[in-house]
Amino acid sequence: MQVTCLGATRTVTGSCFLVENERLRFLVDCGLFQGSREIEKRNVSLSRYRPSRLQYILLTHAHIDHCGLIPRIVKDGFRGKILCTRATFELCQIMLRDSAHIQEMDAEWQSRKNVRSGQKPVEPLYTLEDAEACFKYFEPVERNQDIPLSPDMRCRFRDAGHILGASFLEIFFQEQGREGKVVFSGDLGRQNALIVSEKEMVEEADYLFIESTYGDRLHKSMADSRAELLAAIHEGIKYGEKVLIPAFAVARTQEILFTLREFIEAGQMPSIPVFLDSPLAIAATEIFEKHPDYFNVPTARLLTEGKEPFDLPRLEYTRTPEESMAINRHEGPAIIIAASGMCNAGRIKHHLKHNLWRPGAQVVIIGFQAQGTLGRSLVNGAKKVRIFREEVAVRARIHTIGGFSAHADQQELLNWLGHFKNPGLQVLVIHGEESTSLAFAEAIQKVFPFRVQVPHWLEALPLAPPATRPAELTPETEEVLALFAALEAKFHGVKENLKGITGLKKAKIREIKALLKKTEKDLEGLMK
């Protein structure tokens with residue numbers, strides 16, 4: 001079997017992996033490349049995909065960097081089956097329609113510009129009609145069930161804990177009478193996620209393709225992130241200005257609504273107008289409300305108590321452009337949640353144009369910002385940005401809050417990896433900017449005996465079942481490994497707590513240093 005990396009290698013977007021053997025060709029994800037002009041050129045040249053020869057697309061979840069090229073693939077000849085969970089299918093219907101609208105609008109704008117300069121008009125990557133045409137190929141599947149793909153290959157969708165319906169994939173394949181197993185992580189969620197259920201664990205695999213979006217850093221704790229968001233809101237209230245939250249329509253928007261409801265219920269903030277200014281996010285929220293079977297226990301319990309997780313006293317859904325423009329005439333403090341999450345499209349750009357130059361306005365960045373996006377420029381401290389061909393001064397305060405991310409951080413990824421028992425596991429680090437993926441690969445090698453590789457774009461990787469299965473660990477060894485995992489988790493917790501302490505006494509510092517040095521020596525002795 002061979003896996004060719006068609007996207008999300010040494011970059012975050014365009015997730016796509018071609019899996020093939022003598023009988024079968026299919027894609028794991030089919031994502032849109034987003035960011036710089038250079039990387040977006042990859043969306044146009046799809047000859048290497050050979051869509052008409054694909055039997056399946058196995059879709060991990062509904063974010064555009066994982067599903068956004070499906071309409072184009074169908075337009076170019078794909079006639080197979082698209083397998084995903086029911087919630088992913090419902091989210092894809094709204095996400096791909098919205099993406100098609102953006103493609104049409106961008107092409108129309110570029111065509112007008114080209115005609116004025118004597119050049120040819122451009123065609124959109126795909127249209128709304130193309131998006132509608134792809135939905136008939138979707139076949140929703142149940143989680144944790146074996147799905148035969150061919151006589152020698154089957155797959156299983158498992159809960160990734162990332163967004164509603166998100167999965168990681170287990171793929172079992174046979175060659176020459178031996179069975180191998182590949183896991184594609186998709187995007188892995190955080191521990192103790194606000195809304196969706198916890199990601200499942202895996203113990204056995206021969207190959208693992210693992211995301212590394214935040215593989216080089218740790219998120220702030222949820223408590224710290226909530227405190228920062230609350231502080232930004234109070235600062236906006238203090239100055240009578242707006243708080244802008246560029247939010248991904250799926251998951252991030254719902255988490256922010258969930259958190260604002262808790263703030264108001266706890267009396268931590270006054271009930272001010274909250275505008276959900278995104279038809280896509282509104283539709284996504286309605287889909288979330290239809291699928292409590294994907295919620296974690298505390299969120300599901302709210303429903304049994306008669307509470308709506310995403311309902312606020314002064315929440316306004318603004319669906320039409322006219323309603324959106326009216327927000328800019330609103331006087332006084334307000335919270336505006338609008339897509340897109342990277343500020344490179346959608347209504348948030350209009351709100352940034354009207355508010356970035358205003359001292360006292362607050363911009364709360366709560367998600368990953370790819371290179372080349374407006375959001376990345378703001379995070380990097382740009383003093384001026386260009387929006388709709390107009391230069392806008394950045395006088396608003398920019399807050400970057402990592403704790404609301406739907407992606408696991410480095411420690412959470414390592415914890416998930418720690419459940420794999422096969423010391424011969426080959427780990428392929430994907431879905432991260434190059435420096436991040438390389439840093440995460442190095443972190444894995446420091447902790448685990450696994451073989452680690454960071455593949456390149458278009459690299460073809462031959463995968464074969466192992467000649468022999470490694471011997472199972474003894475119960476005693478498994479007990480020791482479990483103790484190490486527990487210690488690691490405790491140490492991480494202690495480390496996070498220490499970050500919040502500004503004034504340790506010198507005696508306490510000496511005591512901590514001595515304890516750490518003794519632990520290090522004990523571990524060195526154990527290794528010998």
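Cβ-Cβ distances below 9 Å connect no pair with a first residue in region 65-92 that is without any contact (Cβ under 8 Å) to a residue 12 or more places away in the chain, a second residue that is part of a helix (DSSP H, G or I) and basic (K, R), and a separation of six or more residues or different chains. Quickly run through region 177-200 and pick out the residues that are out of contact with any Gly (no Cβ under 9 Å at 6 or more places or on another chain), touching a residue at least 12 places away in the same chain (Cβ under 8 Å) and farther than 14 Å from F295 by Cα. Hits for region 177-200 are R178, E179, G180, K181, V182, V183, F184, S185, G186, D187.
Could you count how many residues in region 62-115 are acidic (D, E), outside any helix (DSSP H, G or I) and within 22 Å of G35 (Cβ to Cβ)? Selection size over region 62-115: 0.
The number of residues in region 1-47 being among the charged types (D, E, K, R), assigned to a loop (DSSP other than H, G, I, E, B), touching a helix residue (DSSP H, G or I) at 6+ places or on another chain (Cβ under 7 Å) and on the phi < 0 side of the Ramachandran plot comes to 0. Scanning region 27-50 for residues that are crowded, with 21+ Cβ neighbours inside 10 Å and either within 18 Å of F78 (Cβ to Cβ) or free of Cβ contacts under 8 Å to residues at least 40 places away in the same chain (or both) turns up L27, V28, D29, C30, G31, L32, F33, Y49.
Filter region 200-227 down to the residues that are closer than 12 Å to G403 by Cα and of a type in the set (G, A, S) and list them by number. Spell out the reasoning first.
Initially, region 200-227 is screened for residues closer than 12 Å to G403 by Cα, giving 214, 217-227.
Result: S221, A223, S225, A227.
Going through (1) closer than 26 Å to S167 by Cα; (2) at pLDDT 95 or above one by one, D76 falls short only on (1).
Total residues in region 335-369 satisfying the condition of being of a type outside the set (D, E, K, R), surrounded by fewer than 21 Cβ atoms within 10 Å (Cβ to Cβ) and not in a helix (DSSP H, G or I): the figure is 5. Counting only strands (runs of 3 or more DSSP E) wholly contained in region 128-193, the ones carrying 1 or more residues that are closer than 23 Å to P71 by Cα and among the aliphatic types (A, V, I, L, M) occupy 138-141, 147-150, 167-175. Of all residues in region 349-373, those satisfying the criterion of being of a type in the set (A, V, I, L, M) and closer than 27 Å to K238 by Cα are L352, L356, A361, V363, V364, I365, I366.
Return the only residue of R112, R116, R79, R86 being basic (K, R), over 15 Å from T127 (Cα atoms) and in contact with a Pro (Cβ under 7 Å, 6 or more places away or on another chain). I'd like the intermediate steps shown before the answer.
Working: R112 fails: in contact with a Pro (Cβ under 7 Å, 6 or more places away or on another chain); R116 fails: in contact with a Pro (Cβ under 7 Å, 6 or more places away or on another chain); R79 fails: in contact with a Pro (Cβ under 7 Å, 6 or more places away or on another chain).
Testing whether each residue is basic (K, R), over 15 Å from T127 (Cα atoms) and in contact with a Pro (Cβ under 7 Å, 6 or more places away or on another chain) leaves just R86.
Given the condition over 27 Å from V12 (Cβ atoms), at pLDDT 65 or above and small (G, A, S), answer yes or no: does some residue in region 461-469 qualify? Within region 461-469, one or more residues are over 27 Å from V12 (Cβ atoms), at pLDDT 65 or above and small (G, A, S).
Do the conditions hold for C84, that is, is it surrounded by 19 or more Cβ atoms within 10 Å (Cβ to Cβ) and closer than 17 Å to L128 by Cα? If you could, list the steps in order and put the result at the bottom.
Numbers: surrounded by 19 or more Cβ atoms within 10 Å (Cβ to Cβ): yes; closer than 17 Å to L128 by Cα: no.
It is false that C84 is surrounded by 19 or more Cβ atoms within 10 Å (Cβ to Cβ) and closer than 17 Å to L128 by Cα.
When W109 is tested against (1) closer than 28 Å to R252 by Cβ; (2) crowded, with 17+ Cβ neighbours inside 10 Å, exactly one condition is not met: (2). Remark: pairs (first residue in region 400-429, acidic (D, E); second residue surrounded by fewer than 19 Cβ atoms within 10 Å (Cβ to Cβ) and assigned to a loop (DSSP other than H, G, I, E, B); Cβ separation under 7 Å; 6+ apart in sequence or on different chains) = D409/R217; D409/L218; E412/Q191. Among the residues of region 6-26, those identified as touching a strand residue (DSSP E or B) at 6+ places or on another chain (Cβ under 7 Å), aliphatic (A, V, I, L, M) and in contact (Cβ under 8 Å) with a residue 40 or more places away in the chain are L6, A8, V19, L24. The set of residues in region 27-71 that are within 13 Å of G7 (Cβ to Cβ) and either outside the structural domain of H431 (by TED's automatic domain parsing) or basic (K, R) (or both) comprises K41, R42, R48.
Screening region 136-175 for residues that are touching a residue at least 60 places away in the same chain (Cβ under 8 Å), surrounded by fewer than 17 Cβ atoms within 10 Å (Cβ to Cβ) and polar (S, T, N, Q) and picking the one that is nearest to Q2 (Cα to Cα) gives Q174. A residue that is under 26 Å from the mean Cα position of the chain (by Cα) and crowded, with 21+ Cβ neighbours inside 10 Å occurs nowhere in region 384-398.
The values are calculated or read from the model by the stated rules, or taken from the named source; none is laboratory data. All values reported here derive from a predicted model rather than from experimental measurement. Cβ: placed from backbone, ideal geometry, glycine included. Neighbour counts: every protein chain shown.
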